[in-house]
Every structure is written in C-alpha cells, then in structure tokens.
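Data first, discussion second: the structure below is written as structure tokens.
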Amino acid sequence: LGQFHDIHFTLSVDAVGTPAEYIRDGTDWSVVDRNIHSFCSLGKSVSVNCTVSNYSVLTIDSLVNYVIQLKNHYPNTPIELLFSVVHNPVHLVPQALPAHLRHRAISSLEKAIECLGTFDSNPPEQINTLKNLLNKINETRSHGLISRFVEFTETLDRTRNQTFSETFGVPLYDL
C-alpha cells in the first residue's frame, strides 16, 4: 500500500452484530468487525456505506454509534458514514413495515439523526438522507406490500434457519 499516495476504502456494512449476520446471511460479525478495525488502523480514508432497507433501519442507530466509536478510536483516520435508501425491491423499502415495526424504525432513525449531529466530520447531506427517510416512513403503504415483506421474511427465516424476532427482539407481525 505504501506505493500509493491516495487510498480510499469503501466498506459495505448495513448493521452491526447479529442484525448484520441476519441481513447478510453468511456474515460472521466478529470477522467483519476485525476487518473494519484493520482498515481503519491503516490511517487511510474509509467510507462505511449502509444500504437502508426495512431490516437495517430497525437498528440504524447502532450502526451510527459504532462508526462514531470507530472515529473516536482512530481520530487520525478520515471515516465517513454514507446511506443509500432501498427503492427496489419494493417490499424491502423501509416504508414497507408493519405499524409496530415502523414505530421501532422511527425511534432508531431519530436516535441515529441525533448521534450524527455530533459526528462533525461526516458529510451533512447524510443527516438529510435520514431526515427525508424519517418523513417518508409514515407514508401509507398497501397492505399487500407489507404482506409481501412478511412472507419474504418468513421464507428467508425458514430457508436460512434464522428468526427475525430473535434477531431484532420484536415479532415480525403484531397480532
């Protein structure tokens, strides 16, 4: 790496811990965490890119806190957190959540926005991305779209032998 003057690493991370392992099946969070620290320790520019889906939005505040902790641990490393909101497939957009999960997403977004306000070196438009999502999250979605999300998630859980409710600590649907 020493032969290169400008090096930038872009890391795709949608969540931390067990939710990261759920969202990206096959992920071992301890390995990902170790790799992230390895990249940050090099002192080169690092972007953490988060794809905000109706899964990752439920714990987005934890990711923001994690990246802020990274920045505090590696103060001489340029670290930024960037967000890209899912638009397709439509059953994975953050707005396609049952009402009880929307409430959790709103809480997580509000905490994330508040924490990002303390992350001075992060691009300010990233707060706007989350604020815009917070405004959109209450848009009415068809029951069919929410049903597709629930069915899709139940299929993933069966296929992967995982459980949404165990991962996120909340039931997939509110009875």
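The values are calculated or read from the model by the stated rules, or taken from the named source; none is laboratory data. This one's a predicted model, so the numbers in the text were calculated from it and none came from an experiment. Cβ placement follows ideal geometry from the backbone for every residue including glycine, while neighbour counts extend to all protein chains displayed. Side chains are part of the model used for accessible areas, which takes the heavy atoms of the whole protein and leaves out ligands, DNA and RNA. Shrake-Rupley method; radii C 1.70, N 1.55, O 1.52, S 1.80 Å.
Structure data summary
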| item | result |
| --- | --- |
| Any hit, the range 100-121, residues being farther than 27 Å from D157 by Cβ and of a type in the set (G, A, S) | yes |
| Residues of the range 76-92 that turn out to be in contact with a Pro (Cβ under 9 Å, 6 or more places away or on another chain), among the hydrophobic types (A, V, I, L, M, F, W, C) and closer than 16 Å to S121 by Cβ, as a count | 2 |
| Unique match (being of a type in the set (A, V, I, L, M) and exposed (fewer than 14 other Cβ atoms within 10 Å of the Cβ)) among A99, A105 | A99 |
| Filter result for E125 (open to solvent by 70 Å² or more (accessible area, probe 1.4 Å) and either charged (D, E, K, R) or under 22 Å from S12 (Cβ atoms) (or both)) | yes |
| Hits in the range 77-96 - residues which are assigned to a loop (DSSP other than H, G, I, E, B), under 25 Å from C40 (Cα atoms) and open to solvent by 20 Å² or more (accessible area, probe 1.4 Å) | P78 |
| Residue match in the range 145-162 (condition: of a type in the set (K, R), over 25 Å from V64 (Cβ atoms) and surrounded by 14 or more Cβ atoms within 10 Å (Cβ to Cβ)) | yes |
| Tally of residues being of a type in the set (G, A, S), surrounded by fewer than 17 Cβ atoms within 10 Å (Cβ to Cβ) and at negative phi across the range 3-46 | 5 |
| The range 54-76 - residue that is polar (S, T, N, Q), in contact (Cβ under 8 Å) with a residue 12 or more places away in the chain and open to solvent by 10 Å² or more (accessible area, probe 1.4 Å) and, of those, nearest to T153 (Cα to Cα) | T59 |
| Test result for S45, closer than 20 Å to L134 by Cβ and among the hydroxyl-bearing types (S, T, Y) | no |
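To keep it simple, each residue is scored yes or no on (1) more than 17 Å from the chain's Cα centre (by Cα); (2) more than 26 Å from S47 (Cβ to Cβ); (3) modelled with pLDDT under 95.
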position	(1), (2), (3)
A105	no, no, no
C115	no, no, no
T118	yes, no, yes
N122	no, no, yes
E139	yes, yes, yes
S142	yes, yes, yes
L172	yes, yes, yes
